[in-house]
1. Given region 177-231, what helices (runs of 4 or more DSSP H) lie entirely inside it while holding 2 or more residues that are under 19 Å from the mean Cα position of the chain (by Cα) and over 23 Å from residue 257 (Cβ atoms)?
2. Looking at 12, 88, which is the one that is within 29 Å of residue 212 (Cβ to Cβ) and out of contact with any His (no Cβ under 8 Å at 6 or more places or on another chain)?
3. Any residue at all in region 124-132 that's surrounded by fewer than 19 Cβ atoms within 10 Å (Cβ to Cβ), farther than 18 Å from residue 13 by Cβ and away from the ligand (no atom under 16 Å from the Cβ)?
4. Please go through region 32-78 and pick out each residue that is surrounded by 20 or more Cβ atoms within 10 Å (Cβ to Cβ) and more than 10 Å from the ligand (Cβ to nearest atom).
5. In region 92-118, which residues are surrounded by fewer than 16 Cβ atoms within 10 Å (Cβ to Cβ) and in contact (Cβ under 8 Å) with a residue 40 or more places away in the chain?
6. Exactly one of (1) in contact with a Lys or Arg (Cβ under 8 Å, 6 or more places away or on another chain); (2) farther than 18 Å from residue 15 by Cα; (3) open to solvent by 20 Å² or more (accessible area, probe 1.4 Å) is unmet by residue 206. Its number?
7. Name the single residue, out of those in region 255-288 being closer than 14 Å to residue 160 by Cα and open to solvent by 80 Å² or more (accessible area, probe 1.4 Å), that is modelled with the highest pLDDT.
8. When you check residue 22 against the structure, is it within 21 Å of the chain's Cα centre (by Cα), among the acidic types (Asp, Glu) and under 30 Å from residue 193 (Cβ atoms), yes or no?
Amino acid sequence: MLTIKGNAKINLTLDVLYKRDDGFHQVEMIMQSIDLADVLCLEERKNGDISIATTIARLPCDQRNLAYRAAALIKETFQVKSGVHIFLEKNIPVAAGLAGGSADAASVLIGLNRLWNLGLSTNEMEILGAKLGSDVPFCIKGGTMLATGRGELLQPLADIKPCYIVLAKPPIGVSTAWVYRQYRGQDVKVHPDTPGVKSSLEQGDLTGVAKGLCNVLETVTIPVHPEIKKLKQSMMQYGAMASLMSGSGPTVFGLVEDQAKAEYIAEKLKSQNAAAIFVTKTVGKSGGV
Ligand code: ATP
């Protein structure tokens, strides 16, 4: 049996450059791993079956689950006779903009590569991962990365200066596909200064990173779910350095320098009863705070 963690991500920046001929949007985003994680236990099954049990009743346990699809893809690609039972402890909120499904798929690829002794390189796993979803390659690598293409092309950046992240997930799910369909680039006035945020990361300048947080998808999700804007305002009122919606939403995060302040903000937000609140940390190549 093998146990593996799949970290969630937040977007420090998210820009949509244009819609491509293949229907995907060309994006440019700075992604950051955080230590809110699902935990997966993988147990080999000699009879060849793939099965999933999970702590969240409403998550499907068949081909609709990305963890299942990851296992099926790697088994089929390498003609593996064995199967696997996956026990999925789901801690990352679902349909939240935190790439929970992608994190699970990445963990299954990494875990089965070990369990079945396939000897795949990270690069080979990324290529498989990109077939499952645009965020899966990032979840395989983790840390602080620039993601381009439809999100699958990665360039490592300097690790963010370790800090705390307060997450607020309002009780709504948002469909990523819907948000991209609604996106109207011509109406968007403010775009991220991606090179500026990259250079703040290189200088270890957390204030510069905080000033540069920007996500163009807020222009779609916030008008439909104004509670996101309220949560951002509350994060700032209680002392976050900056606050942003992650991915296509609805989760809002606040960037915070120290643990005491992060816990203070979390307590204040919890008393509003408007969202599920988590205190977490950034995770870097060098291992987080
Ligand atoms: P992203 O930030 O990559 O857009 P997300 O955090 O918004 O992702 P997910 O939590 O990955 O969204 O889930 C999106 C959809 O995928 C849900 O509707 C869910 O039913 C489905 N799904 C399939 N497998 C999983 C999984 N293992 N964990 C969570 N959701 C899954």
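The values are calculated or read from the model by the stated rules, or taken from the named source; none is laboratory data. Since this is a predicted model, take the numbers as computed values, not measurements. Here Cβ is always computed from backbone atoms with ideal geometry, including for glycine, and neighbour counts include all displayed protein chains. Only protein heavy atoms, including side chains, enter the accessible area calculation; ligands, DNA and RNA are left aside. Shrake-Rupley method; radii C 1.70, N 1.55, O 1.52, S 1.80 Å.
1. Details: elements: 194-202, 206-212, 218-224.
Output list reads 218-224.
2. Working: 88 fails: within 29 Å of residue 212 (Cβ to Cβ).
When all the criteria are applied, what remains is 12.
3. Within region 124-132, one or more residues are surrounded by fewer than 19 Cβ atoms within 10 Å (Cβ to Cβ), farther than 18 Å from residue 13 by Cβ and away from the ligand (no atom under 16 Å from the Cβ).
4. Correct list: 32, 33, 34, 36, 37, 42, 50, 71, 74.
5. Within region 92-118, the subset surrounded by fewer than 16 Cβ atoms within 10 Å (Cβ to Cβ) is 94, 114, 117-118.
If the condition is that a residue be surrounded by fewer than 16 Cβ atoms within 10 Å (Cβ to Cβ) and in contact (Cβ under 8 Å) with a residue 40 or more places away in the chain, then 94, 114, 118 are the ones that fit.
6. Failing condition for residue 206: (3).
7. This residue is 257.
8. Details: within 21 Å of the chain's Cα centre (by Cα): no; among the acidic types (Asp, Glu): yes; under 30 Å from residue 193 (Cβ atoms): yes.
The answer is no for residue 22.
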